[in-house]
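Trainee: This is the structure, below, for whatever I ask next.
The values are calculated or read from the model by the stated rules, or taken from the named source; none is laboratory data. Not measured: the values here are computed from a predicted model. So basically every Cβ, Gly included, is an ideal-geometry build from the backbone, and we count neighbours across all protein chains shown. The accessibility values were calculated without ligands, DNA or RNA, using every heavy atom of the protein model including side chains. Shrake-Rupley method; radii C 1.70, N 1.55, O 1.52, S 1.80 Å.
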Amino acid sequence: MEKKQKIKGLIAAAFANYDPAGNIDLDGIPAMTEHLIAQGLRGIFICGTNGEGPSLSTAERMAVAERYIRAIDGRILSFVHVGHSSITEAQRLAAHAESIGADYISAVSAFYFKPSSVENLVDAMAAIAAAAPHTPFYYYHIPAVTGLQIDMLRFLALAEQKIPTFQGIKYTAATLHEYQACLQYKAGKYDILFGYDELLLPALAVGASGAIGSTYNYAAPLYLEVIRRFEAGAHEAARNLHFEAVQMVQLLVKYGPIPVQRAIMKKIGLDLGRPRLPLTLLDEVNEQLLLTELEQSKFLEHVALYQ
C-alpha cells in the first residue's frame, strides 16, 4: 500500500452522543459533523477516548463509524479508532472501518492484559492492522490512560518492519523530547500527530504540523489562529493566544475533562446527553461554577472572533 501524505491541520476527537435513554444517538451525528466542518477542521477522530469507544459495544462502534463516514461524505478526513482489549474485536472493527471507506484507522494498546514489551505491542498492532490491509494505520500512544510506557523510537523501528500499512503515531503524551525524536526518525519518514491540546504551541516549535484533540470540538478556530501566527513568525502573538487555550484547559483539570467539555458542547448548542458510567456529567452546582468561569474568561467569545 502506498503511504499517504502527512496530515497538516487539526482533527477533532469527537464526543459520544447519547439519547435520554442512554442509547447511542446516531441521529445527532450529522449535526455534530456539520459543526466540526464549520470549525475548519481537517478531520474527525471517531470512537476514541472522547468518543468513549472502550465503553461502547462493537456493534455500537460500527454504527457510529458508519454514520460519521456517511455524514462526512468525503469532505474531511475520517479516522476510526478500532483499539480494543480483545484483538479479535479490534480486527472486526478494523475490517469494518475499511469496508465503509474510512480514510485511516488507529488503535490503542490493550489496556487490561498489557503488552509485555515493544515487540509484543508491535505484534498486537500488526495483527489489528492486517485486518484492514488497504487502510493506513496509526498507533495511538496514550500512556496516561493505557499505563503502557513504551519507547516510541523502538516502536517505530519495529513497526516499519511488521506493519505494511503503518502511517505513524497519534502521540498523546507530554514528552516533547521523544515526540520530536519521532518526528525526526529517518528524516521525518512517519506522520506523528500530536495529541495534547495545551501543548500545541510547544509541539509546533519542535516540528508538529498535525494534531488530534478534544478541545478542537469547540475551539479549533483559536488554535488555527495560533498556528497561523506561529507560521507567520509572530511568536509572541501566538504565545499570548495559546495561553488563552491553556487557561481554558485548566478548567478541564479543575472540573474533569470529559464532563467539562460535554458541558461546553451543551453551552454552544450541542447537547450530547449523559455519558456512560463510570463517566458522569457535572452536577448542577459545578456546571454553573464552570459556566460562570467560562463566561468571565470570555473564551468562547474569543474563539468566535477567529471563526
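Trainee: Taking just the alpha-carbon atoms of the stretch 113-193, what radius of gyration and Dmax come out, in angstrom?
Mentor: Both quantities, over Cα of the stretch 113-193: 11.9, 34 Å.
Trainee: Over all alpha-carbon pairs in the chain, figure out the percentage whose distance exceeds 24 Å.
Mentor: On the way: 23637 of 46971 pairs.
Cα-Cα pairs in the chain separated by more than 24 Å: 50 percent.
Trainee: Using only the alpha-carbon atoms of the stretch 240-307, report the extent along each of the three principal axes, biggest first, to the nearest angstrom.
Mentor: 37, 23, 18
Trainee: Another one. Hey, can you find the accessible area per residue of the stretch 1-114 for me, probe 1.4 Å, expressed in square angstrom? Intermediate results must be reported in sequence, preceding the final value.
Mentor: Details: 4660 Å² over 114 residues.
Ligands and nucleic acids excluded, the figure is 41 Å² per residue.
Trainee: Which number do you get for Rg(Cα) / (2.2 N^0.38 Å) in the stretch 121-248? List each step's numbers first, then the result.
Mentor: Working: Rg = 15.6 Å, N = 128, 2.2 N^0.38 = 13.9 Å.
Against the empirical 2.2 N^0.38 Å value, I get 1.12 for the stretch 121-248.
Trainee: Would you mind telling me the share, in percent, of accessible area of the stretch 159-307 contributed by carbon and sulfur at probe 1.4 angstrom?
Mentor: Details: 3740 of 6840 Å².
It is 55 percent, rounded to a whole number.
Trainee: Carbon-plus-sulfur fraction of the accessible area of the stretch 26-107, 1.4 Å probe, in percent?
Mentor: Numbers: 1420 of 2790 Å².
C and S atoms contribute 51 percent here.
Trainee: In whole percent, what relative contact order does the stretch 106-147 give with Cα contacts below 8 Å and a gap of six or more residues?
Mentor: After rounding, I find 62 percent.
Trainee: Kindly work out what percent of the DSSP beta bridges joining two residues of the stretch 1-100 are antiparallel, to the nearest 5. Display every interim value, and only then the final one.
Mentor: Working: 1 of 8 bridges.
Counting DSSP beta bridges with both partners in the stretch 1-100, the antiparallel share is about 10 percent.
Trainee: So what are the ³J(HN,Hα) numbers for the stretch 185-196, from phi and the Karplus equation (6.51, -1.76, 1.60; θ = phi - 60°), rounded to whole Hz, Gly and Pro as x?
Mentor: So the J values, rounded to whole Hz, are 4, 6, 6, x, 5, 10, 8, 10, 7, 8, x, 10.
Trainee: Give a residue-ordered list of calculated ³J(HN,Hα) values for the stretch 269-281 (Karplus: 6.51 cos²θ - 1.76 cosθ + 1.60, θ = phi - 60°; whole Hz; x for Gly, Pro).
Mentor: x, 10, 7, 8, x, 8, x, 6, 4, x, 5, 9, 7
Trainee: Please work out the C-alpha center-to-center distance from the stretch 215-242 to the stretch 250-307 and express it in whole Å.
Mentor: 21 Å
Trainee: Given an 8 Å cut-off on Cα distances and at least 6 residues of separation, report the relative contact order of the stretch 76-222 as a percent. Mind showing how you got there, number by number?
Mentor: Values: 241 pairs, mean separation 26.0, N = 147.
Answer for the stretch 76-222 is 18 percent.
Trainee: Quick one: which residues, 5+ away or cross-chain, put their amide H under 5 Å from the amide H of Gly210? H built at 1.01 Å from N.
Mentor: For Gly210, whose amide H was placed from the backbone, the distant partners under 5 Å are Gly9, Phe194.
Trainee: Related question: Put +1 on the Cβ of each Lys and Arg and -1 on the Cβ of each Asp and Glu in the stretch 135-199; which of Ala173, Phe155, His141 then has its Cα farthest toward the positive end of the dipole?
Mentor: The listed residue farthest towards the positive side: Phe155.
Trainee: Between the stretch 15-40 and the stretch 91-170, how many Å separate their Cα centres?
Mentor: The distance from the Cα centre of the stretch 15-40 to that of the stretch 91-170 comes to 27 Å.
Trainee: Moving to a separate point now. Counting only helical runs of four or more DSSP H residues, what would the 222 nm mean residue ellipticity of the chain come to if each run contributes -39,500 (n - 2.57) and the total is spread over all its residues? Walk me through the numbers on the way to the answer.
Mentor: Values: 13 runs with 149 residues, N = 307.
Helix-only estimate at 222 nm: -15000 deg cm²/dmol.
Trainee: What Kirkwood hydrodynamic radius, in Å, does the stretch 191-242 give when the mean of 1/r is taken over all pairs of distinct Cα atoms and then inverted?
Mentor: On the way: mean 1/r = 0.0917 Å⁻¹.
In the stretch 191-242 this quantity evaluates to 10.9 Å.
Trainee: Can you work out ³J(HN,Hα) from phi for every residue in the stretch 145-160, in order, using Karplus 6.51 cos²θ - 1.76 cosθ + 1.60 and θ = phi - 60°, giving whole Hz and x for Gly and Pro?
Mentor: 9, 7, x, 9, 9, 10, 5, 6, 5, 5, 4, 4, 5, 7, 4, 5
Trainee: Additional query: Show the residues, 5+ positions off or on another chain, whose built amide H is closer than 5 Å to the amide H of Ile46.
Mentor: When sequence neighbours closer than 5 places are left aside, the close amide H contacts are Phe79, Val80, His81.
Trainee: Could you give the Stokes-Einstein D for the stretch 41-166 in µm² per second, using the C-alpha Kirkwood radius, 10 °C, 1.306 mPa s?
Mentor: My calculation gives 110 µm²/s for D.
Trainee: Report the charge-dipole magnitude of the chain in Debye, nearest 20, computed about the Cα centre from +1 at each Lys and Arg Cβ and -1 at each Asp and Glu Cβ. Provide the component values of the computation, followed by the final result.
Mentor: Numbers: 26 positive and 31 negative charges, 139 e Å.
For the chain, the charge dipole is close to 660 debye.
Trainee: Related question: Using modelled backbone amide H atoms (1.01 Å from N, in-plane), which distant-in-sequence or interchain residues come within less than 5 Å of Asp25's amide H?
Mentor: For Asp25, the qualifying residues are Asn17, Tyr18, Asp19.
Trainee: Given contacts defined as C-alpha pairs under 8 Å and at least six residues apart, what's the relative contact order of the chain, whole-number percent? Walk me through the numbers on the way to the answer.
Mentor: Numbers: 519 pairs, mean separation 57.6, N = 307.
19 percent.
Trainee: Whole number in Å², please: accessible area per residue of the stretch 136-292, 1.4 Å probe, ligands, DNA and RNA not counted.
Mentor: Working: 6550 Å² over 157 residues.
Computed with neighbouring chains in place, this is 42 Å² per residue.
Trainee: Kirkwood Rh and Cα-based Rg: tell me the resulting Rg over Rh for the stretch 8-112, rounded to two decimals.
Mentor: Values: Rg = 12.8 Å, Rh = 13.6 Å.
Taking Rg over the Kirkwood Rh, I get 0.94.
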